[in-house]
1. Look through the range 43-65, keep the residues that are among the aromatic types (Phe, Trp, Tyr) and surrounded by fewer than 21 Cβ atoms within 10 Å (Cβ to Cβ), and return whichever of them is nearest to residue 214 (Cα to Cα).
2. Condition first: surrounded by fewer than 18 Cβ atoms within 10 Å (Cβ to Cβ) and over 17 Å from residue 130 (Cβ atoms). Now tell me which residues in the range 171-194 satisfy that.
3. Could you tell me whether any residue of the range 313-322 is in contact with a Ser or Thr (Cβ under 8 Å, 6 or more places away or on another chain), over 23 Å from residue 261 (Cα atoms) and without any contact (Cβ under 8 Å) to a residue 12 or more places away in the chain?
4. Would you tally the residues in the range 165-205 being small (Gly, Ala, Ser), within 16 Å of residue 83 (Cα to Cα) and within 26 Å of the chain's Cα centre (by Cα)?
5. If you check residue 320 against the conditions, is it at pLDDT below 90 and either acidic (Asp, Glu) or surrounded by 18 or more Cβ atoms within 10 Å (Cβ to Cβ) (or both)?
6. Quick one: would you say residue 165 is in a helix (DSSP H, G or I) and modelled with pLDDT of 85 or more?
Amino acid sequence: MGSIAKLFKQNIIWRGLYYLLNFILSLTIARYFQASISGSIFYVVNNCAFITLLLSISFESAIIFFASGKEIKLFKLFHFAILWITGIAIILCIVFLLVKPVFLNGFFLAHYSNALLFILGNIMTAFMGSFYYAQKKFILPNLISIGIGIILLLMVFFINENSWITSERFLTFYFGSFLVQGLVLFFSLLRSNKNFIGFSLLSRIELSSLFKYLSLVFFSNLIIFFCFRIDYWFVNYYCSSKEMGNYILVSKMVQLFFVFPGMLTTVLYPLASSGAQQKVKELIPFLTRSIFLFYSLACFILIIIGKWFFPFVFGNSFSLMYTSFLFYIPGIIGFSALHTFATFYSGRNQVMINLKGCSMALIVVIFGDLLLIPKYGINAAAAVSSCGYLVYFLFVLRLFIKEFGLPVKDFFLFRKSDWGYYKSQIKERY
């Protein structure tokens, strides 16, 4: 248990630092470029992320899954990953040279090579990073990401149209940084794993197992992506660039709330997989009501200070964030608590439950956005996303309550014994 706890702490610390730095970088870019231009930048990032998902087919998940179970040799997966990346690079170069990229807006039409750097770099970074995670090495890939993020963060403060670091050149560095990160991870892997040098093909049986696994994972990730990001396309179509910039930054801030619950569930997954029903029955309600309490307090504080806090931190062009954030609050709390249930059903190999819940949320988001965004703008987009997340949460909560026969209050009302647990943990550490 000691080694597992150590790995868990490493993952929380380093991934937490990475996500925090990434948010600070997004904040700094938004403050420098203001709402209209930063909205265009983040919208292009969203579209490129979608293409990245399509081209990668979530192979990074397969690397961790098959390598952890030792079903496929790590070096074989590595060689297949290199083949896949090479094929994608060739296809992207042909498409970007011959076809005008319609997924970019006017701000980036003259600089669409940035999108190529982003897509190829993210695929390579995800693939190479997954080999480290498969070997339970969490520090190096996150350390590289953090180092590059710090460099980019410092560069923002030196942007000057009369100097070498112009805004245009900074954006090239920003989008190109993902490819740099992927290449550093690639050469580091070759250096630390001598058996990666050479070439080995996957067998027919291995390929069959690989793509059978990927078909379900890719479809799941695609639905989750749409559930989180499809509102960007509706907002971009119906709203102004300033509104778009405000909404995307609110969305990024909301997603920051989901990071910690996502890392907490690392502990829950092996428990669910091992069939430890009694521990799961106690742990999930405890985690859910803890998230419900602490996130409700955090949101309450932002309700009080957000009206002046958001423009103060992000700049006056982000004055529309506050109201949009208010409509997001129920979804923040619901989706954060949802992580525990989603992990439980994934660990028990009941992925279809998560797919059903996420599909229900996506239907709510699509129809709600079509009906309400044209008239009510980004506030409607936030409210609809919030409703979609709550539908997903209530769906899995109902199934869990039905299976284990627990009262609803166990998931929402913080207990005196919970306070005692947190106090004992604080005393133990300090």
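The values are calculated or read from the model by the stated rules, or taken from the named source; none is laboratory data. Just so it is clear, the structure is predicted and the values come from calculations on it, not from any experiment. No Cβ is skipped: glycine too gets one built from the backbone with ideal geometry, and neighbour counts run over all protein chains shown.
1. Applying the filter and picking the extreme gives 65.
2. Passing the criteria: 172, 173, 176, 180, 191, 194.
3. No, every residue in the range 313-322 fails to be in contact with a Ser or Thr (Cβ under 8 Å, 6 or more places away or on another chain), over 23 Å from residue 261 (Cα atoms) and without any contact (Cβ under 8 Å) to a residue 12 or more places away in the chain.
4. Number satisfying all stated conditions: 1.
5. no
6. Criteria not met by residue 165.
The rows are residues; the columns are (1) part of a helix (DSSP H, G or I); (2) hydrophobic (A, V, I, L, M, F, W, C); (3) touching an Asp or Glu at 6+ places or on another chain (Cβ under 9 Å).
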{"residue": "215", "(1), (2), (3)": "yes, no, no"}
{"residue": "219", "(1), (2), (3)": "yes, yes, no"}
{"residue": "222", "(1), (2), (3)": "yes, yes, no"}
{"residue": "226", "(1), (2), (3)": "yes, yes, no"}
{"residue": "231", "(1), (2), (3)": "yes, no, yes"}
{"residue": "237", "(1), (2), (3)": "yes, no, no"}
{"residue": "243", "(1), (2), (3)": "yes, no, no"}
{"residue": "249", "(1), (2), (3)": "yes, yes, no"}
{"residue": "254", "(1), (2), (3)": "yes, yes, no"}
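Yes/no matrix, rows are residues, columns are (1) outside the structural domain of residue 297 (by TED's automatic domain parsing); (2) of a type in the set (Phe, Trp, Tyr); (3) buried (at least 20 other Cβ atoms within 10 Å of the Cβ); (4) within 24 Å of residue 294 (Cβ to Cβ):
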{"residue": "313", "(1), (2), (3), (4)": "no, no, no, yes"}
{"residue": "327", "(1), (2), (3), (4)": "no, yes, yes, yes"}
{"residue": "378", "(1), (2), (3), (4)": "no, no, yes, no"}
{"residue": "391", "(1), (2), (3), (4)": "no, no, no, yes"}
{"residue": "407", "(1), (2), (3), (4)": "no, no, no, yes"}
